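Notes to accompany the following structure.
The values are calculated or read from the model by the stated rules, or taken from the named source; none is laboratory data. Since this is a predicted model, take the numbers as computed values, not measurements. All accessible areas refer to the heavy atoms of the entire protein, side chains included, with ligands and DNA or RNA removed. Shrake-Rupley method; radii C 1.70, N 1.55, O 1.52, S 1.80 Å.
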Amino acid sequence: MHNNKRKNMMIMGLLFFTLIMMSTGYAILTQVIKVDGTVAVERDWDVKITNITDGAATGAAANEVAPTFDATTASFSTLLYNKGDSMTYVVTIENFGSWDAQLNTITLTDSQNPAVKFTVSGVSEGDVLLSGEKHTLTVKVEYDSTFDGELTSNVGTLTANLSYGQYSS
């Protein structure tokens with residue numbers, strides 16, 4: 001009988017000890033831990049035109065001067081001699097920055113020569129240029145085959161200005 005009493009006391013002590021340990025563990029795990037700190041996020045903006053081809057000629061078309069570019073602007077000056085002559089240029093735009101970019105506007109300024117037609121394709125306003133990617137813009141300068149007036153100049157000039165902003169999805 002004494003053994004049973006001692007055994008019951010040991011079981012009660014073990015249960016009491018287990019209850020204390022579980023309560024302590026629960027109290028530790030339910031504590032609010034507050035972490036304060038400062039994080040510096042370094043991002044850079046680097047969207048720019050990186051190349052323009054010399055142009056692919058159709059007919060007798062030729063460059064009056066080689067195409068030029070800077071970070072946001074591409075300029076072309078093309079000589080066109082016969083109806084149907086054209087020159088096609090490919091402009092490469094790359095996003096080297098860590099921000100995704102969106103093409104806000106394409107502003108075209110041309111020579112206002114009624115015999116010359118300009119076609120721009122490849123990218124459109126609103127297109128997204130993700131970090132690390134590149135897009136191409138195709139520019140075609142052509143002697144308009146439907147032009148019936150008197151030719152006063154056989155030169156077509158065009159400046160394309162691309163304005164990019166941060167893309168937010």
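Tabulated data for the structure shown
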quantity	calculated
Sequence-distant residues sharing a close amide H with Asn51 (under 5 Å, placed H)	Thr92
Where Met10, Met87 fall by accessible area, highest first, once all protein chains stay in place (1.4 Å)	Met10, Met87
Proximal lysines relative to Lys83, as straight alpha-carbon distance under 21 Å, when same-chain residues fewer than 8 apart are discounted	Lys117, Lys140
Sequence-separation-based contact order of the chain, relative, with Cα cut under 8 Å and 6+ spacing, percent	24 percent
Accessible heavy-atom area order of Thr30, Thr53, highest first, probe of 1.4 Å	Thr30, Thr53
Matching label, Rg and Dmax of the Cα atoms in Å computed from the structure shown, candidates (i) 29.6, 111; (ii) 35.6, 127; (iii) 18.0, 72	(ii)
Hz values of 3J(HN,Hα) by residue in the range 154-169 - Karplus curve (6.51, -1.76, 1.60), Gly and Pro given as x	9, 10, x, 10, 9, 10, 10, 10, 10, 10, 9, x, 5, 8, 10, 6
Within straight-line cross-link reach of Lys7, lysines at Cα separation under 25 Å, skipping those fewer than 8 residues along the same chain	none
Distant-in-sequence amide H partners of Asp127 (H built 1.01 Å from N, under 5 Å)	Leu103
Nonlocal amide H pairs with Ser111, under 5 Å, H built at 1.01 Å	Thr157
Gaussian network model of the chain, Cα within-10 Å springs - most flexible of Val123, Val32, Val91	Val32
Residue-wise HN-Hα coupling along the range 45-61, computed from phi with Karplus coefficients 6.51, -1.76, 1.60 (Hz; x: Gly, Pro)	10, 8, 10, 7, 6, 10, 6, 9, 5, 5, x, 9, 8, 10, x, 8, 4
